[in-house]
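Structure first, then comments.
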Amino acid sequence: MSPNPNKPVLIIGGSGVVGSRAARALRRLQPELPLTLGARDMDKAQALARELGGADTARIDLGRPDLGLPPGADFSAVVVLLKDDSLHSMRYAQAKGLPYVSFSDFVFDIGPEVALYIQKPTSAPILLLGHFLGGTITLSALHFAREFRKLQTIEVSAVFDEEDVGGPVAQGDMERLSQGVPHPLLLKDGKFLWARGADAERRFTGVDGTEWQGRAYPLLDVVSLAAATEARSIRLDFAVRAAASRRGKGPSHEVIIELTGERLDGTTGRVRHELIDGDVHSGMSARGVALAVERLLGLAGGPPVAPGLYHPESLLEPAYVVERMREFGTRIQRA
């Protein structure tokens, strides 16, 4: 059964920092697509629904199999922008045959979702989107990789501003990371490893020439890029910039993608691409969610997606994502 885009997309966490931006991005991409903002703060959700138009709200209870929704509730997709430890939201989507987007899972979190998909593999399309910035960076890296015949290394670095801490969901994710979760997953010399000590750290150069001490982060980009390329070493590292260093300019987010390998002309080399955005990491993440939703529903890039288990690179065309990022205001430059 194909999703019906005339029915609303249920965005659980729809009034949060990423959720509100994702709703606005979807409204920009698809002006007629109805939305339901699932939230606990109903005043905030209702104010956003009025701003968006064509949107309503629903109070969500993740402790209930029916999510606290009425029996007649009808949606075109379910997007979850927070950690649902119960997986009631995924079961709800599977029962109704609806595309499902899981956004807040680290690489060590996905086992329960994969097992639930295996039990019902033909019920619904399941997109695991626990990638950096909603999958946009993995897709950008794959776009830039097209100038190589064979990749050796992929190194992604990012600089967060100190005040760019996100909302309660993002802060909860950071708290989970600090409470003894596994070490970051890297691909090093052709082998996956849970990095610790020196392996978990890397120095890199920011857009303005500043040297940063980065630390690896356990997102799904490493496994996606490893599956999509033949690179033997892949990692993702973050550093935090003090608020005072911006001199009143406000938060900004920068990502550096460095690729090494054999070029199409047979020479070996290294290229560096920089992505800079003034809408901080939440805004870039939200755009990735919006692009994924319109693709799942068949509103861009092809027909509605069939049941299956997906990562963003299996659904979205890298060049299309890079083009849309530029349209949304991300500055992309080859350094």
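Things to note:
- Gln333/Gln119 FRET efficiency (R0 51 Å; Cβ-Cβ; nearest 0.05): 0.65
- Taking Cα centre as origin and charging only the Cβ of basic (Lys, Arg, +1) and acidic (Asp, Glu, -1) residues, the dipole magnitude of the chain rounds to 260 debye.
- Taking a ≥ b ≥ c as the square roots of the Cα gyration tensor eigenvalues, region 81-168 comes out oblate, since a/c reaches at least 1.5 and a/b does not exceed b/c.
- R0 of 45 Å, Cβ-Cβ distance Asp189-Ser86: FRET efficiency to nearest 0.05: 0.70
- Residues whose amide H comes within less than 5 Å of that of Thr36, counting only those at least five positions distant or on another chain, are Val9, Leu10, Ile11, Asp56 (H built at 1.01 Å from N in the peptide plane).
- Other residues whose C-beta falls under 12 angstrom from the C-beta of Leu29 contribute a net charge of +3, scoring Lys and Arg +1 and Asp and Glu -1.
- Dipole of the chain, positive direction: furthest Cα of Gly72, Leu35, Pro121, with charges on the beta-carbon: Pro121
- Spin-label pair Arg64-Gln46: with each label point 7 Å from Cα along the Cα-Cβ axis, the two points sit 1.9 nm from one another.
- Under the simplified labelling scheme, the Arg146-Asp199 pair shows an inter-label distance of 3.5 nm, with each label point 7 Å from Cα along Cα→Cβ.
- Selection of trypsin sites (Lys or Arg not before Pro), region 232-335, meeting DSSP coil and at most 10 other Cβ within 10 Å: Arg247, Lys249
- Lysines with Cα under 30 Å of Lys120, excluding same-chain neighbours fewer than 8 positions away: Lys7, Lys83, Lys96
- Highest-MSF residue in the chain out of Asp105, Asp199, Asp237 [GNM, Cα springs under 10 Å]: Asp199
- Comparing Val321, Val289, Val79 in a Gaussian network model of the chain, where Cα atoms under 10 Å apart are tied by springs, the biggest mean-square fluctuation is seen for Val321.
- Residue of Asp41, Asp208, Asp85 that the Gaussian network model of the chain assigns the largest fluctuation, springs spanning Cα pairs under 10 Å: Asp208
- Note on Leu187, Leu225: ascending count of other Cβ atoms within 10 Å places them as Leu187, Leu225, the fewest first.
Bear in mind that the values in this text are calculations on the coordinates, not laboratory data. All of these numbers come straight from a predicted model, not from anything done at the bench. Cβ atoms come from the backbone with ideal geometry, glycine included; neighbour counts cover every protein chain shown.
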